[in-house]
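Read-outs: derived from the displayed coordinates by stated rules, not from any lab. All of these numbers come straight from a predicted model, not from anything done at the bench. Here the Cβ positions follow ideal geometry from the backbone for every residue, glycine too, while neighbour counts run over all protein chains shown.
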Amino acid sequence: MATQSPTKSDQPAQSGFSIPSVDMIAKQGERLGLGEEYAVDVRDTTPFLPKVAFVTITLASIAGAVFTGRNFGLDFGSQMVRWLILWTMALSLGFSAWRTLYLRTRESGLEEFRISSLEQSSIAHARPITRFLAVLATVSTFAITTISYLDSGERVALMSVMGLTAALLWIGVAQRWTAGPILVGSVIQAVLWGAFDAVGTTAVTVRALHFVAFGLWLGGALWNLTVAIPSGREHPVIDAVIGLARQLQRFRWVVRFALPIVIITGLIQTDVYRHMPSSWWTSLPGVLIPVKVLLIIALIVIFITCPLYRQCSPVKGVCKVDDLADSADI
């Protein structure tokens, strides 16, 4: 267990990234009804389950991309290229959604300075990840030309939207005026892929919803691992903990809708295969459907388990704000 180190002054430093004094935390704890001796517990290691969740979501996306890619007549190399394009789109979608919708400059009832400092720290941690996504988006823009089942008009449409999204990712997500359009651009990509992969209004809608819901989940998991967790470690003060807990709760609220949508739309898309013989379900490509279902079930278990064992964040109180009132291990 690690707690903040005392400083010589209760006055906040100019940086916004300074570790506050024990006296300052005690005052914050008293103000929020948590007791004068309250300190924030920060574990040294990153929780294991969020890492497992991110890997599991990625594996599920690979299974789905290989299955649909085979149906479109793509070889394995092209299937992986198509997966990379869709994976990049999904990461950009959920990552920008967290920046645009969940991260706030102000939080009701909390010190504006602390929440603003938390936002600055989050943006700093998001910067290298955004550049990584920009590289992936740039590569994906050109890789679209290799997807053989798309016609020239479809390729131009996808490349235009993804190219613009890539350009915005290079600028970064420090401001919402870039993060918002990245989110919109990623959603438009999902709709276009749905339109180009399916036939009929219902099928297109189902496929687009599947992509959007999956992206909100996948990209949000990336933000939590690479931005929210390290930012929380840098701000072991009660206001920041509650602010992070609210961010995580907003993400969970979205996942509560995204998870059923992924499952329902996935089942609708596989309904056409229900009459296939049992041998088809135990060999490629049919076996990829139950594999993806099992991975989604694993994700449900992880989603339920994380808050129970404080696996959402190494900072006490982020998984469940109620944990702040339990000072038994302090």
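Results, tabulated for the structure shown:
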{"quantity": "Using a Förster distance of 30 Å, the FRET efficiency for Q249-R274 (Cβ separation, nearest 0.05)", "calculated": "0.20"}
{"quantity": "Residue-by-residue Karplus 3J(HN,Hα) for the range 79-91, coefficients 6.51, -1.76, 1.60, Hz, glycine and proline x", "calculated": "4, 5, 5, 4, 4, 4, 4, 5, 5, 4, 4, 5, 4"}
{"quantity": "Label-point separation, E112 to I297 (7 Å along Cα→Cβ), nm", "calculated": "5.2 nm"}
{"quantity": "Integer Hz, Karplus 6.51/-1.76/1.60 couplings in order for the range 223-228, x for Gly and Pro", "calculated": "4, 4, 5, 9, 10, 5"}
{"quantity": "Over the range 43-321, volume per residue of the alpha carbon convex hull, in Å³", "calculated": "124 Å³"}
{"quantity": "Derived scalar couplings ³J(HN,Hα) [the range 147-161; Karplus, 6.51 cos²θ - 1.76 cosθ + 1.60; whole Hz; x for Gly, Pro]", "calculated": "7, 5, 7, 7, 7, 4, x, 5, 5, 4, 4, 5, 5, 5, 5"}
{"quantity": "Where chymotrypsin sites (Phe, Trp or Tyr not before Pro) fall in DSSP loop in the range 136-181, at most 16 other Cβ within 10 Å", "calculated": "Y149"}
{"quantity": "Chymotrypsin sites (Phe, Trp or Tyr not before Pro) within the range 200-305, DSSP loop, no more than 16 other Cβ atoms inside 10 Å", "calculated": "none"}
